[in-house]
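Nothing in this text is a laboratory measurement; each read-out follows from the coordinates by a stated rule. This structure is a prediction, so every number in the text was calculated from the model and none was measured. Please note: Cβ atoms are built from the backbone with ideal geometry, for glycine as well, and neighbour counts cover all protein chains shown.
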Amino acid sequence: MALQPYASTGQRIWYYTFRVLCGLILFFLIFPIIIIIPLSFNALPYFTFTPGMLALEADAYSLEHYRDFFYNDAWQQALWNSLSIAPAATLLSVSLGTLAAIGLSSGKMPFRGVVMAILISPMIVPLIISAAGMYFFYSRIGLQGTWFGVVLAHAALGVPFVIITVTATLVGFDRSLTRAAANMGAGPVRTFFKVQMPLILPGVISGGLFAFITSFDEVVVILFLGSAGEQTLPWRMFTGLREQISPSILAVATLLVSVSVILLVTLEILRRRSERLRGMSPG
């Protein structure tokens, strides 16, 4: 909100102080992420700025770490594992989470609050506890160390995000539309895909993007449930920091940050589109 011309001295002081505090908090949160970007172009295998980098010498910067990532078989295998697990987990999360959100949005559903709390519990329970529980359960049924087991575990972590975003979208949904479709002879499945889905699609896509990010960046569960054949990109980065410190990790981190920024921008675009569809903001 802009500062009003008739604001008092105290209001003016608070106006500028508040913005300085917000700027400092933003800097505190963003600086550790931004600092890795120039370090990823270091020509030397160091995790610190060299004198040449500080002097902005051209020879001090290089794409060597990015080349190592794209041409190293171990890194590429980890990337392929992440790209095979995350989309499958996202698809499963979106399917189950959307159906659950539609059911929870019904006022006739008994024990709605209890069911909602259980479904979003993976978001609340500490991840190490969820990972340990999944390990003991999956080892009993033979899914520990398998690709399908990792997909199921990541899907369980992504479902709460889909439920929350789709439920928020359904708050402004006009249920008279579904009744009108039923009166015109449309069945439940046709009504869902032709009436409900186009209106809640921004929420579904937003939840899917959150589920994808959760699966793609997850490292704790994969350490418990994965095998050497399911080593994902975050797992590779984690073990690389522990066993063999490679500056290529900085290049991978920079690429992941870039992808995250693109996804966040997409989420913001979808949020605004959802508000326009529900009449909450001007078109």
Exercise for the section: Grab the Cα-Cα distance for Arg175 and Ser84, subtract it from 0.36 nm times how many residues apart they are, and report the gain in nm with one decimal. Expected result: 29.0 nm
Handout entry: Charge dipole of segment 6-140 about the Cα centre (unit charges at C-beta), most positive-ward option of Gly103, Ala55, Phe137
Key = Gly103
Exercise for the section: Determine the calculated [θ] at 222 nm for the chain from helices alone, applying -39500 (n - 2.57) to every DSSP H run no shorter than 4 residues and normalising by the residue count; nearest 500 deg cm²/dmol. Expected result: -23000 deg cm²/dmol
Problem - Distance (nanometres) between label positions extended 7 Å along Cα→Cβ at Ala74 and Tyr15 - result: 5.7
Exercise for the section: Read through the labelled values (1) 64, 48, 38; (2) 73, 70, 32; (3) 54, 48, 39 and report the label of the one computed as Cα extents along the principal axes in Å from the structure. Expected result: (2)
Problem - segment 1-153 shape via C-alpha gyration tensor axes, a/c threshold 1.5 - result: oblate
Handout entry: segment 9-59 - convex hull of the alpha-carbon atoms, volume per residue in Å³
Key = 95
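Given an 8 Å cut-off on Cα distances and at least 6 residues of separation, report the relative contact order of the chain as a percent.
Rounded, it is 26 percent for the chain.
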